[in-house]
Each structure stands twice: as structure tokens, then as C-alpha cells.
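The values are calculated or read from the model by the stated rules, or taken from the named source; none is laboratory data. Only a predicted model underlies this, so the values are computations on that prediction, with no experimental measurement involved. Note: ideal-geometry Cβ built from the backbone for every residue, glycine included; neighbour counts use all protein chains shown. Just the protein is used for accessible areas: all its heavy atoms, side chains included, with ligands, DNA and RNA removed. Shrake-Rupley method; radii C 1.70, N 1.55, O 1.52, S 1.80 Å.
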Amino acid sequence: MIKGKTEPRIWTKPLQELTPENTLGYAFCDFCDMIGVDLLPWQKWLAVHALEIVHKGEQWQFRYRYVIILIARQNGKTFFEVMLNLFFLFGLKSHLILGTAQNLDTATETFEDTITQIENTPELASMIQKINRGTGKRELVIDSGDRYKVVAATRKARGLSSDLILMDELREQTNWEAWGAISKTMMARPTAILFGFSNAGDVNSVVLRHLRMQGHAMCGDPDGIADSRKSLGGEDIDESLGIFEWSGEPNCALDDREAWAQANPSLGYGFMTERALQSAMITDPEPIFRTECISQWVETLLPEPFPVNAWESGIDEDSMIPGESELYYGIDMSQDRTWCSIGVCGMREDGNYHIEVIARRVGTEWAIDWFRNRANKGTMNLAFQGRGAPVSGLAEQICTLPHVKRCAIEGPELTNGWDRFWDGVAAFTPYEDGEMRGGVKIYHLPQPVLDAPAKTMQLRNIGNGQSLPDRVKSPDDISPLFACVMAFSAATAIKQESKKIYASAYSSSYSFASI
């Protein structure tokens, strides 16, 4: 029988050797022992590491303000939340504890489990002053006046001031409204801490993806998901954030028992069983099993824009554009007009094409300066969607700079250019009958800002069997990829010359185009 791994696969290392003097985790474990509760090994380990404290003179504060815990389903996460509630409420005398989840029923379940645990512990039950179970309102008040309150994961949580926040189902937060409102209730509490719990997210898990990326960056980016943040103008990494991720290795086999043990620390301890995981593996679709049971992020819950493995086949870490090749730059802007991206395309020595994102930052003014500082060294071909795109106006402004050549992609050439780009990516893969596609290939470096939208970008049907990238429905910002699409479209455009190929009714001469 295999046993779950006590230590997570990815975790933020402590600032010091952890002793009873610099972590409240040992006090947490003692509190659980005192009320007759047995913790699992992973729960004890997590408490010791997540409740690390630092001393500021005679004062102390938690090392982390935000603790993100990723773990597969049914491993005792809710029970750990219950014990945190009790420790902070009765042990630390916290003034206000907030419990929340995107689905209020989930937070209510944790609330009821907490009440049950208190009522089953005589020394705690005697301290209950009031339990409110009114419609849409759950609140426990003890005799000291300290409270545990359940709130919906919405902006309506403003106005409270909390010492502990338990935020469940973090993967379900698809925008920043709930996080922005609830997390800020800690601002005036110097020893406050937020615990966010979840299994792996998907392409829509906006908040969890951002926090996980920061956490991985702090840990040296073990899975290669965060190495572009600083080089492409990403946000600063928050050192008050701790991540503790029980998950299988990326791309592991579904039946990899080592991955099962790594994602399920309760496995073999009387909770999760190997037989249960085996049954789930057989009956679940692969994306469901990976996210729920191995706690792996699956970026392909939505249809991919390119054939399977086509984008990965174009990765070439040594790819480059030789000095004699003409360069075509592309520019694009995110749908919310926050990010601006610049890509470049040029022909390789082998006759195929290389694309690359060379700049991506917040705002727009920097892009004008970027071209102004480089165009004085020679003509720059600038490609962009000429109409109906967030970047169109900015690109037209840049094209007024000296030595910037306007290459607006619009009308039929917009769809033609996208079709050529799709063919260039798909050229690495065979048709359904096994025959290779052939044709010009597109190579690129392994850049996360390109790789993410290349897996998740959604397409919209514009009729007659044609499609174009959909900025609105795509979960990732597609501007880095679309900037490269525009650059490639310009680089591969057929240069048309206006020549007659017919006899003029008003002339005795004929004019023919060269063939």
C-alpha cells in the first residue's frame, strides 16, 4: 500500500529553523492534542511551516500574509480549516474570523463542521455565547465577544476587519472582485493571515493562477510557469506569499502511483485509498482526473486553436533570425487595453520562419518610445490589425514616426494571414490519414507569454469556413501571440503589383503582368 507524501512537491522555504519560538504551528498541534484531535502528518507539517512568525522587537507577526494551499480533493482540507478556526478563536483570541467560498454552501459546511467540533468539546462548548443561523447569515460569537462569520465571496464583505480569512474553492474565482474586497479586510490587522485552499485550477481560475505563478517564482519556478514575469514587465513577486502545493509532476502518467502519493498526502492513512483513485482514473475524463485527483493544472479544458502537439513541435531554443533577413514587427493590445505586446518575425536560414515576443508591458506610451528609439537606425516594418482592434489607433500613431513603415492587416488579408499562420504552426503535424502536412513551418522559443494563449486561445467563426482569434472568449491575453500573427502575416504577404492583364477598350495596346 502506498502512503501519501507529507511534504508538498512545491513549497516556500522558511526564513529560519522552525522551533516553538518562531512558529505557532507547534502551539496549534498542542491545542489539537489538548482537545483530543489527531492530526494527519501532512496537517502537522503544514501548520508548522504555514504559521511561521517573525519578531519585531517585542512584537511578532506571521511571516506570511497569504498562504495558498493546493491539494487534491478529499484529503482532509476542510478538517484542517475547522481546526484553524478553533485555534485562532479560542487559542489566539482572534477578534474576527471570516470564512468564505465562491459557493456559499461550501463555507457554510465548514461553519457547521466547526460548530459540531465545538459542541463535541465540553471545554469549548461552554464558551459559546450565540450561534446565528439566519437566512444568508452564519455567525458564532463566544463569551469574549470574538466572532467567526461566514460571508459570500463578493465585494459586499467590505467594512469588516479580520484576523483570519479562510478562503475555500479559490479556483472558482474568475475575477478579482471577491479577492480585492475580502483580502483587504486584513489591512488594519498587523497579525492577520489569509489561507486560500483549492485543488488545481483551469484556464478560468484568474486569481489562483496569478497567486500560484507568484508562489512558483518564489520557489525558483520549478514547473517553468513564471520565468517571464520580470523579463516582460510582470508584477513584482510578493515575498509575504507562501505556497504549499501537493501535486503530481507535470505530464506524469495517469496511473503514476508516485504522483498519486504526491498529490494526496492522506493516502493510506484511513481516508483516501488507492482503490478509490484507481476507480476515478478509469471513470473520469482525463482533465477531470488530473485536476481533481492529481491536482494538476489542465490548460486544455477549452478547445485548443492548433492541432495536438503542433505548437510544442515548433519550439526551438536555438531558433533565430539571421542578420541579413528582413524583420517584420507586430503590435497588439489586450482586450481590456491593459497590456501591449510587440512581436517580431523573420525568415530563418532554412527558409522557415521565426517568431518571438520581444516586449510586453502595461500601458501604451512606452510602445511609442520603443519604436521612436529604434526607427532612427533604419526602416521598421510595423504590422497590426488595421481596423476593429484595441491596438489600431495606437499603431496608426506609431506609424507617423519617421522610418516606421505601415503594414496594416485588414480585410481579406486578416483572415488569409491568420490561415497562413495556422498552417505554419500545424505544418509539424500529420493529417488524419497520417500524411504529413508539409509547407513553411513556424519556429519559436519557449516563451510562457506565447505558450499560454497558444493552448487556450479561442476562435470565432466568421462564416464560409473561416475563423479568427476571439479576444473576448479567450481566457488568456492573446496580444503576445496575435502580435506575432500580424508580423508573420506581413512577412509572408504576397506583394501585389497593379498591372493590367486584359485588353483596354480604349487602347489598341495590351498590357500583361509578368508571370
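Could you please give the count of residues in region 271-320 that are of a type in the set (A, V, I, L, M, F, W, C), open to solvent by 30 Å² or more (accessible area, probe 1.4 Å) and over 17 Å from the mean Cα position of the chain (by Cα)? Total meeting the criteria: 8.
The single residue among 266, 247 that is among the hydroxyl-bearing types (Ser, Thr, Tyr), in contact with a strand residue (DSSP E or B) (Cβ under 9 Å, 6 or more places away or on another chain), at pLDDT 95 or above and buried (at least 23 other Cβ atoms within 10 Å of the Cβ) turns out to be 247.
Can you tell me which residue in region 164-187 is least open to solvent (accessible area, probe 1.4 Å), limited to those that are among the charged types (D, E, K, R) and in a helix (DSSP H, G or I)? Among those residues, the one meeting the criterion is 171.
Of the residues making up region 55-76, those that are part of a strand (DSSP E or B) and open to solvent by 50 Å² or more (accessible area, probe 1.4 Å) are 55, 56, 59, 60, 61. The set of residues from region 363-387 being under 28 Å from the mean Cα position of the chain (by Cα), under 28 Å from residue 425 (Cα atoms) and open to solvent by 10 Å² or more (accessible area, probe 1.4 Å) comprises just one member, 385.
Evaluating residue 120 against the criteria (1) farther than 30 Å from residue 203 by Cα; (2) modelled with pLDDT under 90 leaves one unmet condition, (2).
Could you list, in sequence order, the residues of region 124-153 that are modelled with pLDDT of 85 or more and over 15 Å from residue 93 (Cα atoms)? 125, 126, 130, 131, 132, 133, 138, 139, 150, 151, listed by residue number.
Residues in region 455-482 that are under 19 Å from the mean Cα position of the chain (by Cα) and part of a loop (DSSP other than H, G, I, E, B): 457, 471, 472, 473, 474, 475, 476, 477, 478. Of the residues that make up region 387-401, is at least one hydroxyl-bearing (Ser, Thr, Tyr), out of contact with any helix residue (DSSP H, G or I) (no Cβ under 9 Å at 6 or more places or on another chain), closer than 19 Å to residue 314 by Cα and in a loop (DSSP other than H, G, I, E, B)? Within region 387-401, not a single residue is hydroxyl-bearing (Ser, Thr, Tyr), out of contact with any helix residue (DSSP H, G or I) (no Cβ under 9 Å at 6 or more places or on another chain), closer than 19 Å to residue 314 by Cα and in a loop (DSSP other than H, G, I, E, B). The set of residues from region 345-359 being out of contact with any Cys (no Cβ under 7 Å at 6 or more places or on another chain) and open to solvent by 10 Å² or more (accessible area, probe 1.4 Å) comprises 347, 348, 349, 350, 351, 352, 356, 358. Summed over region 77-108, residues that are surrounded by fewer than 19 Cβ atoms within 10 Å (Cβ to Cβ), in contact with a Ser or Thr (Cβ under 7 Å, 6 or more places away or on another chain) and in a helix (DSSP H, G or I) total 1.
If you go through region 212-223 and keep only what is touching a strand residue (DSSP E or B) at 6+ places or on another chain (Cβ under 9 Å) and either of a type in the set (Asp, Glu) or open to solvent by less than 10 Å² (accessible area, probe 1.4 Å) (or both), you end up with 215, 216, 223.
Of all residues assigned to region 88-95, at least one qualifies as being touching a strand residue (DSSP E or B) at 6+ places or on another chain (Cβ under 9 Å), closer than 17 Å to residue 69 by Cβ and aromatic (Phe, Trp, Tyr). Report yes if residue 111 is of a type in the set (Phe, Trp, Tyr), modelled with pLDDT of 95 or more and either within 25 Å of residue 207 (Cβ to Cβ) or outside any helix (DSSP H, G or I) (or both), otherwise no. Against the criterion (of a type in the set (Phe, Trp, Tyr), modelled with pLDDT of 95 or more and either within 25 Å of residue 207 (Cβ to Cβ) or outside any helix (DSSP H, G or I) (or both)), residue 111 does not qualify. Would you confirm whether or not region 41-54 contains a residue that is surrounded by fewer than 19 Cβ atoms within 10 Å (Cβ to Cβ) and modelled with pLDDT under 95? The answer is yes; a qualifying residue exists. Criterion first (surrounded by fewer than 17 Cβ atoms within 10 Å (Cβ to Cβ) and at pLDDT below 90) does residue 156 satisfy it? Here the answer is yes, as residue 156 does meet what is asked. The C-beta contact set for region 49-64 (first residue over 15 Å from residue 88 (Cα atoms), second residue hydroxyl-bearing (Ser, Thr, Tyr) and outside any loop (DSSP other than H, G, I, E, B), distance under 9 angstrom, 6+ apart or interchain) comprises 49/23; 63/23.
Only residues that are among the hydrophobic types (A, V, I, L, M, F, W, C) and under 32 Å from the mean Cα position of the chain (by Cα): list them for region 106-121, please.
107, 111
So which residues in region 195-214 are more than 20 Å from residue 80 (Cβ to Cβ), of a type in the set (D, E, K, R) and assigned to a helix (DSSP H, G or I)? Across region 195-214, the qualifying residue is only 209.
In region 408-421, is there at least one residue being in a strand (DSSP E or B), in contact (Cβ under 8 Å) with a residue 24 or more places away in the chain and closer than 12 Å to residue 490 by Cα? Within region 408-421, one or more residues are in a strand (DSSP E or B), in contact (Cβ under 8 Å) with a residue 24 or more places away in the chain and closer than 12 Å to residue 490 by Cα.
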